[in-house]
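Encoded as structure tokens, the structure appears first; notes follow it.
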Amino acid sequence: MNAIDKTKPTEETRSRYSAGVMEYRKMGYWQPDYEPKDTDIIAVFRITPQDGVDEIEASAAVAGESSTATWTVVWTDRLTACDKYRAKCYRVDPVPNAPGSWFAYIAYDLDLFEPGSIANLSASIIGNVFGFKPLKALRLEDMRLPVAYVKTFDGPATGIVVERERLDKFGRPLLGATVKPKLGLSGRNYGRVVYEALKGGLDFTKDDENINSQPFMHWRDRFLYCMEAVNKAQAGTGEIKGTYLNVTGATMEDMYERAEFAKQLGSSIIMIDLIIGYTAIQSMAKWARRNDMILHLHRAGHSTYTRQKNHGVSFRVITKWMRLAGVDHIHAGTVVGKLEGDPHTTKGYYDLCREDFVPQNLAHGIFFDQDWASTRKLMPVASGGIHAGQMHQLIDLLGEDVVLQFGGGTIGHPMGIQAGAQANRVALEAMILARNEGRDIVHEGPEILKEAARHCMPLKQALEVWKDVTFNYTSTDTPDFVPQATAAE
Amino acid sequence: MRLTQGAFSFLPDLTDEQITRQVQYCIDKGWAVNIEFTDDPHPRNTYWELWGHPMFDVPDAAGVMFELNECRKAYKGRHYIRLSAFDATHTWESLRLSFLTDRPTDEPGFVLERQEVEGRSIRYTTRAYAANRPEGARY
């Protein structure tokens, strides 16, 4: 399948390489008859050409600029097996209900990529091409990662199953909260919030994305007080607890130093931010694997390039890259909370995190079958503007292998943080119990919560305080194969 | 204190009827239900004593409830008893659900011991008060 045609150059071949500028489609980057090989990486781009630029030429240009081409013909191509290295656009479809934009399917030979390197993959696929002038906009929608390539990555350091085994928690979503206010607390005050939330019933607390080492709280102080809180809560409940210590720093040396300290203090989990970059993420994932550490990834910054449909990189691609890169947790949307999240699109992300085989599902934005070949599962995290009163919706939409993070919904409870945590935990356990008993939680959810609140005053109060809080806005990033943009219900 | 291990510890203790429904849910999913007991509730005590093998081939919850009651006859009031469900599906091959069904009448809880070491670091040890006595005589 990798054989190269070694027949003598024809007149056609000679003219292909004569000096000058040539349309990309004529340089071999448009091959409508090409059948992708099992080992090819396939990317589907949403292409919006400039007025007057033909969509096939635009698509071929994307294939060219993301693989071997430059703007003019170069004779040095002929020193290489260039037919193999050329990316091949083999299919261009109009985007449903979006005149002027097209889905371009492009196949890349496996040899174009360094094994096990997200930096290399992304430098190729989203390197130069996004600024290419003949395009108004360009978006990387999805990628098919062949098993041969998937197997060059370690995948999650821990994965859902082993994380559950280490925490001894099965059959229900994990509960977390981000410490608030996110900025300004001293280490001592910060640890107080951690202790109250964990003692009250949460499994995890979390540093926010921009909690690093500021004048009001240096990182060592935070780590020391947080671990006091974790251990005290653990002894007070007899249950494993954790707090995501954010080790994000200015340099790899800083991050390794912070991670080592977290390990020395006995933390079971650390966290990093997406903005540290793919290489740093992979380095930290390898460190986490060597040190039995769960690695939480906060997707700080992603909406700058994932949210708008016409330009950027879809979050489903970032999800795939992060499962390869080897993080254990990733924020993947709440649907009902305060942040962007169309239900169908979000379902697609969750499947990519948790399933071993994800079949094509255009209504969920999944363009290709994706075989993960036993790569460990990535725990999705739902965080941002959710509260106990939505428990039935959250479990229905997101399932049980997820971390539900109620920050404001814990710390903002009128009776205090422990009460807030208890309300969330009782709501969660009551809903799982009811679901397992075969009750229809979507419809009976409010009734189930009310029943549970009968023996739990904090839950009763939580339901009262937040009963009208919803964030029903139309999503911007929706699959085009669903006719209407969807609001959270 | 109240030990909060397991999926339903924040709810009032489950009735046998409620336990039966959870067991049936596990059996319907094709999972093998397992009964375990211990008098060492340390959160890192992974291996509780097995009450027989995980029940791979019981057709309904009644069989499991019979065994649970046998286990209770031997240990109720003096031990924690939990049910867990194993899923043998490829890429999972672990527990899918775990919850306490019985706990000792009195739960004295844990002491947190702190050993001050270099810098401001502290080594923590969690110890169950009950574990100071020999196994079998703790509760």
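The values are calculated or read from the model by the stated rules, or taken from the named source; none is laboratory data. Since the model is a prediction, treat every value here as computed from it, not as a measurement. No Cβ is skipped: glycine too gets one built from the backbone with ideal geometry, and neighbour counts run over all protein chains shown. Calculation scope for accessible area: heavy atoms of the full protein, side chains included, ligands and nucleic acids excluded. Shrake-Rupley method; radii C 1.70, N 1.55, O 1.52, S 1.80 Å.
General observations
- Residues that are farther than 14 Å from A:Ser213 by Cβ and aliphatic (A, V, I, L, M) within region A:260-269 comprise A:Leu265, A:Ile269, listed in sequence order.
- Residue check for A:Leu138: under 28 Å from the mean Cα position of the chain (by Cα) and within 12 Å of another protein chain (Cβ to nearest Cβ): no
- Residues considered: A:Arg91, A:Arg172, A:Arg164, A:Arg144. Of these, the only one that is under 28 Å from A:Ala363 (Cα atoms), within 14 Å of chain B (Cβ to nearest Cβ) and of a type in the set (Lys, Arg) is A:Arg172.
- Residue check, A:Gln422 under 21 Å from A:Lys241 (Cβ atoms), surrounded by 24 or more Cβ atoms within 10 Å (Cβ to Cβ) and more than 18 Å from the chain's Cα centre (by Cα): yes
- Selection count where residues are surrounded by 21 or more Cβ atoms within 10 Å (Cβ to Cβ) and either aliphatic (A, V, I, L, M) or away from chain B (no Cβ under 12 Å) (or both), scope region A:227-251: 11
- Taken together, B:Arg123, B:Arg96 contain a single residue that is within 26 Å of B:Phe10 (Cα to Cα), of a type in the set (Lys, Arg) and not in a loop (DSSP other than H, G, I, E, B), which is B:Arg96.
- Residue within region A:252-261 that is assigned to a loop (DSSP other than H, G, I, E, B) and within 14 Å of chain B (Cβ to nearest Cβ) present: no
- Cross-chain or 6+ apart pairs with Cβ under 6 Å, region A:221-242 first and touching a residue at least 60 places away in the same chain (Cβ under 8 Å) and in the same structural domain as A:Leu167 (by the TED database), then assigned to a helix (DSSP H, G or I) and open to solvent by less than 10 Å² (accessible area, probe 1.4 Å): A:Ile240/A:Leu167
- Within region B:38-76, tally of residues that are under 29 Å from B:Phe110 (Cα atoms), over 16 Å from the mean Cα position of the chain (by Cα) and open to solvent by less than 50 Å² (accessible area, probe 1.4 Å): 0
- Selection count, region A:403-419, where residues are outside any helix (DSSP H, G or I) and not β-branched (Val, Ile, Thr): 9
- Helices (runs of 4 or more DSSP H) wholly inside region A:115-213 that include at least 3 residues being open to solvent by 10 Å² or more (accessible area, probe 1.4 Å), at pLDDT 95 or above and on the phi > 0 side of the Ramachandran plot: none
- If you go through region A:330-359 and pick out every residue that is within 14 Å of chain B (Cβ to nearest Cβ), over 13 Å from A:Asp142 (Cβ atoms) and outside any helix (DSSP H, G or I), you end up with 3.
- The set of residues from region B:126-139 being open to solvent by 20 Å² or more (accessible area, probe 1.4 Å) and either of a type outside the set (Ser, Thr, Tyr) or under 29 Å from B:Thr20 (Cβ atoms) (or both) comprises B:Arg127, B:Ala131, B:Asn132, B:Arg133, B:Pro134, B:Glu135, B:Gly136, B:Ala137, B:Arg138, B:Tyr139.
- Scanning region B:110-119 for residues that are at the interface with chain A (Cβ under 10 Å from one of its Cβ atoms) and either surrounded by 19 or more Cβ atoms within 10 Å (Cβ to Cβ) or assigned to a strand (DSSP E or B) (or both) returns B:Phe110, B:Val111, B:Leu112, B:Glu113, B:Arg114.
- The combined condition, being at pLDDT below 95 and either crowded, with 17+ Cβ neighbours inside 10 Å or assigned by the TED database to the domain that holds A:Asp33 (or both), is not fulfilled by A:Ala87.
- Of the residues making up region A:249-291, just one is among the acidic types (Asp, Glu) and in contact (Cβ under 8 Å) with a residue 60 or more places away in the chain, namely A:Asp273.
- Matching residues in region A:428-450 - criterion: being of a type in the set (A, V, I, L, M) and either more than 27 Å from the chain's Cα centre (by Cα) or away from chain B (no Cβ under 14 Å) (or both): A:Ala430, A:Leu433, A:Ala434, A:Ile441, A:Val442, A:Ile448, A:Leu449
- Put simply, of B:Thr101, B:Thr91 the only residue that is within 14 Å of chain A (Cβ to nearest Cβ), of a type in the set (S, T, N, Q), open to solvent by less than 60 Å² (accessible area, probe 1.4 Å) and farther than 25 Å from B:Asp40 by Cβ is B:Thr91.
- Matching residues, region A:360-395, being outside any loop (DSSP other than H, G, I, E, B), within 14 Å of another protein chain (Cβ to nearest Cβ) and open to solvent by 20 Å² or more (accessible area, probe 1.4 Å): A:Asp371
- Just one of the listed residues (A:Val327, A:Val317) is part of a loop (DSSP other than H, G, I, E, B), touching a strand residue (DSSP E or B) at 6+ places or on another chain (Cβ under 6 Å) and β-branched (Val, Ile, Thr), and it is A:Val327.
- If you filter region B:4-37 down to residues that are open to solvent by less than 10 Å² (accessible area, probe 1.4 Å) and assigned to a strand (DSSP E or B), you find that the one that is farthest from the other protein chains (Cβ to nearest Cβ) is B:Ile35.
- Condition check for A:Ile106: assigned to a strand (DSSP E or B), modelled with pLDDT of 90 or more, in the same structural domain as A:Pro134 (by the TED database) and in contact with a helix residue (DSSP H, G or I) (Cβ under 9 Å, 6 or more places away or on another chain): yes
- Single residue of B:Arg123, B:Arg96 found to be under 18 Å from B:Gly6 (Cα atoms), open to solvent by 20 Å² or more (accessible area, probe 1.4 Å) and within 14 Å of chain A (Cβ to nearest Cβ): B:Arg96
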